[in-house]
1. For chain B, what is the mean residue ellipticity at 222 nm derived from helices alone (per DSSP H run of n ≥ 4: -39500 (n - 2.57); sum divided by total residues; nearest 500 deg cm²/dmol)?
2. Mind sorting A:Thr42, A:Thr72 by how few other Cβ atoms lie within 10 Å of their own Cβ, fewest first?
3. For A:Leu117 paired with A:Asn64, estimate the spin-label separation in nm (one decimal), with each label point 7 Å from Cα along the Cα-to-Cβ line.
4. B:Ala32 to A:Gln91: FRET efficiency via 1/(1 + (r/R0)^6), r the Cβ-Cβ distance, R0 41 Å, to the nearest 0.05?
5. Could you give the length gained by full extension between B:Lys53 and B:Gln77, i.e. 0.36 nm per residue of separation minus their alpha carbon distance, to one decimal place?
6. Extending each Cα 7 Å along its Cβ direction at B:Lys128 and B:Tyr60, get the distance between those two points in nm, one decimal.
7. Which listed residue (B:Met47, B:Asn34, B:Met1) has the Cα farthest towards the positive end of the charge dipole for the protein assembly as shown, taking +1 on Lys and Arg C-beta and -1 on Asp and Glu C-beta about the Cα centre?
8. Could you work out how far apart the two model spin labels at B:Val103 and A:Gln35 are, taking each label as a point 7 Å from the Cα in the direction of the beta carbon, and quote it in nm?
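The numbers here are math on the coordinates, done by the rules we state, and not lab data. Everything quoted here is computed from the prediction, not taken from an experiment. Virtual Cβ from ideal backbone geometry, glycine too; neighbours counted across all protein chains shown.
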Amino acid sequence: MSKIKSLADLKKLSGELKSKIDLREKGDNPESLVQVKVGMATSGIASGAKEVFNYFAEELPKRNVEAVVSQTGDMGYCYAEPTIEVILPGQEPIVFGYVDVKKADEIIEKYIKNGELVDGIIPQNYETIDDK
Amino acid sequence: MKELSLHILDIVHNSVSAGANLVQIIVNEDLAENNYDIQIRDNGKGMPDDIVKQVIDPFYTTRTTRKVGLGISLFKQNAEQAGGYLKIESELGKGTDVIVRFVHDNIDRPVMGDIAGVISMMVCGTPKADFIYSHSVSGSQFVFDSREVKEALGDVSVSSPEVVNYLKEFINSNLEELQIIK
């Protein structure tokens, strides 16, 4: 890929992207996407949430997983940062703690792809940040 | 936090939580005066004076999930350790300015780090808000405006995962051109 330097380059790329995304949207609707939310408050950032976010953003499209990766605030689990919340289509959200790049790989391969649970789940009385 | 870009990511989070839909990140490296200035200006809901005094206190936070808020305090500490300062100017209903100065060549000044990654993550992760990032070093300047980016992308949503990497490369190649990063 040539270097993207100007807004014109971005425009050109958006054309290519559009056809790719259209193809994807024809097949399914947004509810069928996997959602990954990465906790990005001070504690999350300080313990490496940014690397984890980048990893998911780069790896999920590469591994052909239809997903939305977004940032969220503090989930109240500062001791276990970086924390992420994963919502598989039609399922309850699950929160994982102490997620580094290696753990992220395991979560993608085992939980996101096959629905197998992996260590590191934060279970008790879980509420999403939106409930607070 | 070891990188200035991570502090910026953290502070911008406050702006977005304060309802800002436009956040400006202005970095100015003045080599002649030996200053490294970072300003984060938002059009969020602002704060009254008594709250502005309190936010510097690590035991003040507006959130309900826990009782400490360290973002501003950590940034301030880092600035002061590098011979600089952090101040906050805010007006209720208008927005907040966080102004941070470092001594440019101070050995304790953290490096900027992956600013392109941070800006692209903010733009893609917060589609409802817009971001302007301007970075100048002795006369040369790069300005990134997410509104222009969204226009260039047309129908493609900024939150599509592929866009993050494009934007990162876009910012990095411009910063390299200006020799802001090598």
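1. -11500 deg cm²/dmol
2. Listing A:Thr42, A:Thr72 from fewest to most nearby Cβ atoms yields A:Thr72, A:Thr42.
3. Reported label-point gap for A:Leu117 and A:Asn64 is 2.9 nm.
4. Once rounded, the FRET efficiency stands at 0.10.
5. Roughly 7.1 nm would be gained on extension.
6. 2.6 nm
7. Result: B:Met47.
8. Here the answer is 4.9 nm between the modelled labels.
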